[in-house]
1. Search the stretch 53-65 for residues being of a type in the set (Gly, Ala, Ser) and either surrounded by fewer than 24 Cβ atoms within 10 Å (Cβ to Cβ) or part of a strand (DSSP E or B) (or both), and hand back the single one that is modelled with the lowest pLDDT.
2. Take the stretch 400-414 and flag every residue that is more than 15 Å from Arg298 (Cβ to Cβ) and in a helix (DSSP H, G or I).
3. Please tell me if Ser156 is outside the structural domain of Asp300 (by TED's automatic domain parsing), part of a strand (DSSP E or B) and of a type in the set (Gly, Ala, Ser).
4. Would you be able to say whether some residue in the stretch 541-554 is under 31 Å from the mean Cα position of the chain (by Cα), part of a loop (DSSP other than H, G, I, E, B) and surrounded by 14 or more Cβ atoms within 10 Å (Cβ to Cβ)?
5. Does at least one position in the stretch 399-406 carry a residue that is modelled with pLDDT under 95 and either in contact with a Ser or Thr (Cβ under 8 Å, 6 or more places away or on another chain) or on the phi > 0 side of the Ramachandran plot (or both)?
6. Out of contact with any Cys (no Cβ under 8 Å at 6 or more places or on another chain), in a strand (DSSP E or B), surrounded by fewer than 24 Cβ atoms within 10 Å (Cβ to Cβ) and not hydrophobic (A, V, I, L, M, F, W, C), is that true of Lys71?
7. Does Phe472 fit the bill of being outside any helix (DSSP H, G or I), over 23 Å from Thr114 (Cβ atoms), of a type in the set (Phe, Trp, Tyr) and in contact with a Leu (Cβ under 8 Å, 6 or more places away or on another chain)?
8. Give me the residue from the stretch 289-312 that is small (Gly, Ala, Ser) and in contact (Cβ under 8 Å) with a residue 12 or more places away in the chain and, out of that set, nearest to Tyr144 (Cα to Cα).
Amino acid sequence: MLPDSSPFSLDQRKALESLLTGFDALQRGWLSGFLAAAPTAASAPVAAGKLTVLYGTESGNSEQLADRAVKEAKKRGFKAVMKNMSDISPADLAKTDKLLVIVSTWGDGEAPETAISFHKAFMEQDVKLDGVKFSVCSLGDTSYEKFCEIGKQFDSRLEILGATRVAPRADCDVDYEDTYTEWFASAITALSPTVAAPVYVAADSVAATEEFGKKNPFPSEVLDNLLLNGEGSAKETVHVELSLAGSGLVYEPGDALAVLATNCPSMVKDILAAAKLKGTEQIEVKGVGKKLLADALREDFDITALSKAVLKKLAEATGSAELAALLEEDAKEKLKAYNDGREIVDAIIDFAPQGLSAEALAGIFRKLPVRLYSIASSLLAHPDEVHLTVAAVRYETYGRSRKGVCSTFLADAAKTGANVPIFVQPNKNFRLPDDGNTPIIMVGPGTGIAPFRSFIEHRAALGSAGKNWLFFGDQRYTYDFLYQLEWQDFLKSGQLTKLDLAFSRDQPEKVYVQDKMLEKGAELYAWLEDGAHFYVCGDANRMAADVHEALVSIVEEQGAKNREEAETYVENLKKSKRYQRDVY
C-alpha cells in the first residue's frame, strides 16, 4: 500500500499497512480527512496575539463579516474575539492592542440600532488608546448623502484618541464583498507577525456543498399572493407566501428575508430611450460575463436610485459643465434639491441629451441591491414556508410614474407559480424572550405588523404562557386592518392578551399607536415592571421616534421619575435586550 519512496522505515511501513488493511473505506476516509485538516509543526499558525473585532450592525451584515474576520484571524494564529458594540464600553478598547472595527451606517448618517449608545459614548469620552493598532471597515449605501458616515467617525475618533491606523479605512457600498475582502487582507497582514502563518482549510469543508445564501439564492416558488387592503383603501399591501421546500433554509421569529428582485420592464424601456440605445448591445457585467444590455439593466443594475456617486460617474461619461457645477462643494443644497424625487432616468435626460454608449451607461450603475423584509410567519405554524407583508410603493414626481423596485416586483410579478430568488438574513437583535412565560409588548403599525404575526404564531405553536399585547395602527379600520380575522381569532383563543388599535383617518383628529400607548400608560408600565419585553417595528423616520418618546414619558409619569431617570430606565431596557427595534 505504501511505496518505497514514502518517508517511513521498512518497519513503520509494515506497521502502518497492517493497520490500514484492517480499516474499512469509511474509516480510511475519516483518517484521511483528519490528517489533512490537522496542522503540522511546519504549518502551525504563528502566535499573533489578541485581536478584537468590534461590530455595530442594523441588518446583520456587519455581524456576519465580523464572524468571518474572527474565523480567518484564528487560522492565522490570533486569539480573536468578536464584540457587539452593545456589549462593550469605550474604556474596554484600551485593553486590546489590535482592533478591527466593522460598522454599518443606518439611513443617512445614523448609528445602527445596537451601536447608538456606544457610538455616543465613544464620541464624547476621552479614552487613551495610544497602544491600539486598528483598521475600520465601514458599510453603507451610496444612495445616501452621508455614505458610511459612522465608519468615518469611528476611524477619525480612534486616531484622535491616540490609536494607530495600520490599514486604510474601507467604505463599502451595498455590494460589499470585494471591498471587504481587500480590506481584510490588508488589515490582517498589517496586524500579523512578520512571519505570516499559512492558511489551511479543514478537509471536510473542501467538499462541502454550497448552501443557499447571498451568493447562491434559493429560487422559491410563490405559493400565494393576496391583497390585504379592502376596496377603497389608499394603500396597497400584499401578503406573499413563498415555498422553502428542498432549500434547507430555516429562520427564527424576528429574522428578515432577502429578496433579489428584477427591474420592471417599463423602467428598462425608459432608461434605454433616455440613453438612445436599443438594448441589444452587448456589455461586460462584473462577475457575470457578457450580456445583452437590456438583460443586464433588468437583472444586474440599480437603474433607479439617484445619488451623488451616480451623478459623478455620469459627469465623467458626459463632460456636462452643468452637472459638474451641480457637483461642486458649494452646491450641496442645489444637489439635494435636484435629487429629491428624481431618478437616474431624469439625470440621463437632463445631462446626456445626445445619449450614451452602452458601456458608458452601464458604467454609471451600481449592482442591484437585495431588499430585506421582516418575516411575517413562523416555521412551526407554516413548515417549509415563509411569508412577507409588503407595501407596494407607487407615486408620481416630475410628471413621471415611479415605483419601488422590489415592492412592486413582489406585488406585480411574484404571482402564484413564479420563482423569487431569496435567502434568510438572521436578525439576532430582534428576538423573542428565551422564556415563553415572559410577557411581551409589540408596537407595529402598517407593515410593521409583520414580525409580530411571526411572534404570536410561534408562541401559539409552542403553547407559551406569556402574555402578549399588540398595538397596531393604520389609516382606516374598514380597509386597512391587516390580518384582522387572525388577530381576532388569537384574542378569542387567549393567545393574544390585549389588542389596541389606532386608525388615524377614522376620526377628525389623527390617532396613532403612541397615543394609544399613552392612554394605557399605567398598565404598560406595570407590564414593564413585571419583566415585559418591548418591541417596535416599522417606519423609522417618525413612528419609531414618537413611540420612543411616548415610552420615556410613560416611565417618567408612571414611575414617578424625572426625565433623566426615565431615559436611564429605557436605556437599561435596551442594554438588557428588553427593548428591541426593527425599523426602516
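1. First, the residues of the stretch 53-65 that are of a type in the set (Gly, Ala, Ser): 56, 59-60, 62.
Pick out the ones that are also either surrounded by fewer than 24 Cβ atoms within 10 Å (Cβ to Cβ) or part of a strand (DSSP E or B) (or both) and you get 56, 59-60.
Details: Gly56: 94, Ser59: 83, Gly60: 87.
Only one residue tops the list, namely Ser59.
2. Ser407, Leu410, Ala411
3. Judged against the criteria, Ser156 is not a match.
4. The answer is no, given that none of the residues of the stretch 541-554 is under 31 Å from the mean Cα position of the chain (by Cα), part of a loop (DSSP other than H, G, I, E, B) and surrounded by 14 or more Cβ atoms within 10 Å (Cβ to Cβ).
5. yes
6. no
7. Values: outside any helix (DSSP H, G or I): yes; over 23 Å from Thr114 (Cβ atoms): yes; of a type in the set (Phe, Trp, Tyr): yes; in contact with a Leu (Cβ under 8 Å, 6 or more places away or on another chain): yes.
Yes; evaluated as a whole, the condition is true for this residue.
8. It comes out as Ser307.
The values are calculated or read from the model by the stated rules, or taken from the named source; none is laboratory data. Just so it is clear, the structure is predicted and the values come from calculations on it, not from any experiment. Please note: Cβ atoms are built from the backbone with ideal geometry, for glycine as well, and neighbour counts cover all protein chains shown.
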